[in-house]
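The values are calculated or read from the model by the stated rules, or taken from the named source; none is laboratory data. These numbers come from a predicted model, not from an experiment. With ideal geometry, Cβ positions are generated from the backbone for all residues, glycine too; neighbour counts draw on all protein chains shown. Accessible surface is based on the protein model in full, side chains and every heavy atom, while ligands, DNA and RNA are left aside. Shrake-Rupley method; radii C 1.70, N 1.55, O 1.52, S 1.80 Å.
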Amino acid sequence: MRRSRVRRSLPVAAAIAAAALVLPASTATASVHAAAPPAAAPGLAAAPDIPVANVKAHLAQLQSIATANGGNRAHGKPGYKASVDYVKAKLDAAGFTTVLQSYTYNGATGWNVIADWPGGDTAHTVMVGAHLDSVSAGPGINDDGSGSAGILEAALAVSRAGFQPTKHLRFGWWGTEEAGMVGSSKYVNSLAAADRSKIEAYLNFDMIGSPNPGYFVYDDDTKLDQLFKTYFSGLGVATEPETEGDGRSDHAPFKNAGIPVGGLFSGADYIKTSAQASKWGGTSGQAFDRCYHQSCDTSSNINDTVLDRMSDAIGYALWTLGSESAPPPGTVYENTTDVAVPDAGAAVESPVTVTGRTGNAPSTLQVGVDIKHTWRGDLVIDLVAPDGSTYRLKGSSSNDSADNVIATYTVNASSEVANGTWKLRVQDVAAQDTGYIDSWKLTF
């Protein structure tokens, strides 16, 4: 995960993050959690266990690669290309169709590894990804060897099981994330608009083995958020929304392109609170990963329990989403008139009138939002039903430093009459940044 862009109005958050970097390295690991994943929903294929021993074997290989190549696996260094070769060889042997997408950054060649599992409806593609590069200061075993190893072993589990998904499965290992999501941005920007629209979900796994772990779930898309909450609820593990990594990892280019995103995160240099330690164990007052972006981010900087649980959650998501039936085409109601959002001002609204439908709105009403804004963390976004009921799509967050809100939200609006005037309500709650509602739509 890359460093966040620090906003001048957030000195406290910046000071906490900086203080975390001077803490001593963590060496503790916990025992492995052996519980099976929750049962699959009726009609969906059940996910296999993703063996944590196999995930750790991949991490050992990435550690060996770093050790043999100057102590890191950074962009432009031989350790990164060796990591690419290792991942590609495993996938090729397992029957995936792999492509190395090359690009140039700072005068050096970088690579993304893209792997497609044969079969499934490519018009409905489920994609998972993790960044394969480290910082130059260390081997990057938690950041993000853990996510890379987790999705690699999940991909190999797909092959071992001979999984025949209804939807197409694609995997991505991204280069040069630590310099600003360069590889993933290259991939998303290289896609034609029609190909982007075929990716109905992108799941990101950046740091899933933190030594003082938390259980954080991306809350960008309601369906994908609930998918992981359901999984961890089945294990009796509480979760929290992921905010530390907003705009700082490879889901951001997908999200900015309007692709629904989700994912998991076990924490970086933010400090674990006493309430979080009571909930998850570990040590309060210490960073989730005290070796974040340091030379001590080695194979000893991993908590086996969280790595096991999150790797199994990747498998659960792949089998759940991959075996769903493709949704039928929906009817779209859209407003493309620009509406200015005043800086630190009153809420504005953009209406969409729905006619010709019978009964109530669906439980999976899709709300597509395209808001151009220079600091998305300032924005509070609500859907207002015809009777005035409101549904919160996005709250404000001082940690959400990315630009724009281009996303699709899923709302359970089954208690609302479908016909009538629906409104998108947007308010900028802090100063310094401006924007406008570009367009929004409802898909029934």
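Points to keep in mind about this one:
- Working ranking of peptides 249-256, 219-226, 410-417 by packing, defined as the average number of other Cβ atoms within 10 Å per residue, highest first, is 249-256, 219-226, 410-417.
- Protection-proxy order for peptides 108-121, 336-349, each taking the mean of Cβ atoms within 10 Å per residue, highest first: 108-121, 336-349
- Among the listed pairs K81/K186; K56/K88; K229/K394; K56/K198; K88/K229, those with a Cα-Cα distance over 21 Å are K56/K198; K88/K229.
- With the simple model of a label 7 Å out from the Cα in the direction of the Cβ, T67 to K223 spans 4.5 nm.
- Across all Cα pairs in the range 246-349, the calculated P(r) in 10 Å bins from zero up to the longest distance comes to 10, 23, 30, 19, 16, 1 percent per bin.
- The P(r) of the chain has a tail past 37 Å containing 23 percent of all C-alpha pairs.
- Over the chain: helical MRE at 222 nm, DSSP H runs n ≥ 4 each giving -39500 (n - 2.57), nearest 500: -8500 deg cm²/dmol
- Share of carbon and sulfur in the accessible heavy-atom surface of the chain [1.4 Å probe, %]: 52 percent
- Pairs of C-alpha atoms in the range 60-211 farther apart than 20 Å represent 45 percent of all such pairs.
- 1.4 Å probe accessible area per residue over the range 146-249, in Å²: 28 Å²
- Overall dimensions of the range 147-217 by Cα: Rg and Dmax, Å: 14.5, 42
- Within the chain, DSSP assigns beta bridges of which about 75% are antiparallel (rounded to the nearest 5).
- Whole-number percent relative contact order across the range 206-338, with pairs defined as alpha carbons under 8 Å at least 6 apart: 34 percent
- Relative contact order of the range 78-128, pairs being alpha-carbon contacts under 8 Å that are 6 or more residues apart, as %: 30 percent
- Whole-angstrom gap from the range 67-88 to the range 175-239, using each part's C-alpha centre: 24 Å
- Computed packing ranks the peptides 308-314, 174-180, 80-86, 354-360 as 308-314, 174-180, 80-86, 354-360, most packed first, by mean other Cβ atoms within 10 Å.
- Based on alpha-carbon atoms, the Kirkwood radius and the radius of gyration of the range 134-280 give Rg/Rh equal to 0.96.
- Under the span-like rule (Cα at least 18 Å along the axis, Kyte-Doolittle mean at least 0.5), DSSP H helices of the chain: 52-68, 147-161
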